Amino acid sequence: KEGSDIGFVPSPDRLEQLILQKAPVGKLDRVKTGAGSNPVPAAANNQPNQDASQAGEEGASGVRVSAPPVIEKKKGFLGKKCETLSPYDVVPIMRPVVMVGPSLKGYEVTDMLQKAVFEFLKNKFEGRIIITHVGADLSLGKTSVLNNPSNRKLLEKSSLTRAKDLAEVQAEIERIFDLSRNMKIILIDCDTINHPSQLAETSLAPIMVYLKITSTKVLQRLIKSRGASQSRNMNIQVVATEKLEQCEAEQFDLTLDEFQLEDACEHIAEYLEAYWRATRPPRQPILE
């Protein structure tokens with residue numbers, strides 16, 4: 001988010017605490033700390049974050065590794081169903097940038113403004129940015145579906161088209177992960193994403209950029225200037241703009257609400273430059 005520092009993955013101890021807090025405990029739920037693992041005392045290295053009373057296995061490097069807890073749930077008369085909770089989701093190394101607004105994609109005003117920003121960034125970050133087009137509906141790539149074989153099988157059985165769509169979405173997500181390994185800025189031009197909530201439950205963890213036109217009258221004049229074919233669809237574009245305006249500020253990492261497009265381009269360039277530098281900390285000098 002703009003103005004925030006780059007975060008880091010929590011320590012193994014912190015991850016274990018988060019997992020235990022997430023696991024429900026009640027009459028029908030019981031938490032186990034890893035099937036078949038016996039408690040082993042922590043190494044005597046006087047580290048404050050290790051406790052000899054905690055369960056886990058001692059690695060060769062002295063770092064305690066704990067298996068994620070298994071939640072055992074009763075499921076009627078058919079027995080018990082066990083699920084393993086993951087401590088965190090795997091996301092791309094470089095968070096992909098996704099732009100929404102000022103209205104719906106596929107209409108001239110939105111496509112024209114976003115294309116202008118893309119061209120500016122392409123020239124500004126030449127050699128450091130990858131702009132890729134995605135035609136698949138990435139909102140279908142929810143982690144609860146793609147990472148859960150049982151849920152995915154149910155959806156695939158319900159429709160062959162659905163199964164094909166899920167396979168296409170998973171392929172696109174894997175491609176984005178591969179692109180991020182180049183450690184370049186990834187800018188996604190996705191045809192179907194018009195709202196931040198569409199990607200909230202995916203594993204992409206995108207940088208959401210909101211290209212905002214603060215005045216509805218300005219938007220309407222822009223739509224009218226594109227001809228009668230665009231004016232006929234003015235209402236649906238205005239409604240989409242209003243939905244974006246109703247979003248909480250926390251749903252966007254960056255909001256471009258400048259009056260001039262050139263100022264908006266400079267704003268996002270400054271943000272991405274800061275993100276680029278933050279992902280490349282200065283190297284420590286080698287001590288002889």
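The values are calculated or read from the model by the stated rules, or taken from the named source; none is laboratory data. Please read these numbers as outputs of a predicted model, since none were measured by experiment. FYI the Cβ positions are ideal-geometry reconstructions off the backbone, even for glycines, and counts take in every protein chain you see. Side chains are part of the model used for accessible areas, which takes the heavy atoms of the whole protein and leaves out ligands, DNA and RNA. Shrake-Rupley method; radii C 1.70, N 1.55, O 1.52, S 1.80 Å.
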Pairwise FRET efficiency - Ser197 versus Trp276, Cβ, R0 = 30 Å, nearest 0.05: 0.65
Using the structure shown, select from Lys124/Lys243; Lys105/Lys212; Lys124/Lys224 the pairs with a Cα to Cα distance greater than 24 angstrom. Lys124/Lys243; Lys124/Lys224
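Is the stretch 184-227 best put as rounded, prolate or oblate by its Cα gyration tensor, with a ≥ b ≥ c the root eigenvalues, rounded for a/c under 1.5, and otherwise prolate when a/b is larger than b/c, oblate when not?
prolate
Suppose the chain between Gln17 and Gln246 were pulled fully straight at 0.36 nm per residue; how much longer would it get relative to their current alpha carbon spacing?
Working: separation 229, 0.36 × 229 = 82.44 nm, distance 3.51 nm.
Taking Gln17 through Gln246 to full extension adds about 78.9 nm, to one decimal.
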Got a sec? What order do Lys124, Lys164, Lys212, Lys105 fall in by accessible area at 1.4 Å, biggest, i.e. largest, first? Lys164, Lys124, Lys212, Lys105
Length gained if Lys224 through Ile93 is fully extended, taking 0.36 nm per residue and subtracting the Cα-Cα distance, is 43.0 nm
With bins of 10 Å, the percent of all Cα-Cα pairs of the stretch 166-243 per bin from 0 is 14, 37, 25, 22, 2
Between Asn235 and Lys164, what is the label-to-label distance in nm when each label sits 7 Å out along the Cα-to-Cβ direction? 3.3 nm
Once amide H atoms are placed 1.01 Å from N in the peptide plane, what residues at a sequence separation of 5 or more from Ile131, or on another chain, have their amide H within under 5 Å of its amide H? Leu187
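According to the Kirkwood expression over distinct Cα-Cα pairs, how big is the hydrodynamic radius of the stretch 179-288, in Å? Intermediate values should be presented prior to the final figure.
Working: mean 1/r = 0.0595 Å⁻¹.
Evaluated over the stretch 179-288, this radius sits at 16.8 Å.
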Roll a 1.4 Å probe over the protein heavy atoms and report the accessible area of Asp257 in Å², nearest 10. 80 Å²
Estimated inter-spin distance, Arg175 and Glu119, nm [label 7 Å along Cα→Cβ]: 2.4 nm
State the percent of C-alpha pairs, over all pairs in the stretch 213-254, separated by a distance greater than 13 angstrom. 57 percent
Heavy-atom surface of the stretch 169-226, accessible at 1.4 Å and reported per residue (Å²): 44 Å²
